[in-house]
1. Please state the relative contact order of the chain as a whole percent: Cα pairs under 8 Å, 6+ residues apart?
2. In nanometres, what is the gap between the two model label sites at residue 55 and residue 31, each 7 Å from Cα along Cα-to-Cβ?
3. How far is helix 13-40 tilted, in degrees, relative to the longest principal axis of the Cα atoms in the chain, given as a value from 0 to 90 rounded to the nearest 10?
4. What part of the accessible area of the chain, given as a whole %, is carbon or sulfur when the probe is 1.4 angstrom?
5. Excluding ligands, DNA and RNA, what is the solvent-accessible area per residue of the chain at a probe of 1.4 Å, expressed in Å²?
6. Per DSSP H run of n ≥ 4, the term is -39500 (n - 2.57); total these for the chain, divide by its residue number, and report the mean residue ellipticity at 222 nm rounded to 500 deg cm²/dmol.
7. Under a plain spin-label model, where a point goes 7 Å from the Cα along Cα-to-Cβ, how far apart in nm are residue 13 and residue 76?
8. Can you pull the accessible area of residue 38 for me, 1.4 Å probe, Å² to the nearest 10?
Amino acid sequence: MLRKRKIPLIPTLIETISWTVCLLLLVIMLTSLTGLIVLHMEFDRVAIGSSNSSLAIIAAALSTTLWWKCMKQCLSFHCDK
């Protein structure tokens, strides 16, 4: 017979810290994506090539990558048990 694995209802300290970091990275990612849109659409025209726009692209890419890796780590906690 197959037995269902019980997933504990109370998260460990590491899981709690990881989910908190993921939440903070989500807020940072959404802020950087908002800044990316605002900087590229300033004065109702597309501003491509300025240093602010380039830095906004880099910040959005880095924050999205970090958030994605953190989410993969947080979701793998239940797979390892």
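The values are calculated or read from the model by the stated rules, or taken from the named source; none is laboratory data. Predicted model, so just to flag it, every value in this text is computed and none were measured. Neighbour counts are summed over all protein chains in view; Cβ atoms, including those assigned to glycine, are modelled from backbone coordinates with ideal geometry. Accessible surface is based on the protein model in full, side chains and every heavy atom, while ligands, DNA and RNA are left aside. Shrake-Rupley method; radii C 1.70, N 1.55, O 1.52, S 1.80 Å.
1. Values: 41 pairs, mean separation 30.4, N = 81.
Reported as a whole number, the value is 38 percent.
2. Roughly 1.5 nm, to one decimal.
3. With both axes taken from Cα atoms, the answer is about 20 degrees.
4. Details: 5010 of 6810 Å².
Percent of accessible area from carbon and sulfur atoms in the chain: 74.
5. Numbers: 6810 Å² over 81 residues.
Result: 84 Å² per residue.
6. Working: 3 runs with 57 residues, N = 81.
The helix-only estimate for the chain comes to -24000 deg cm²/dmol at 222 nm.
7. 2.3
8. Result for residue 38: roughly 90 Å² accessible.
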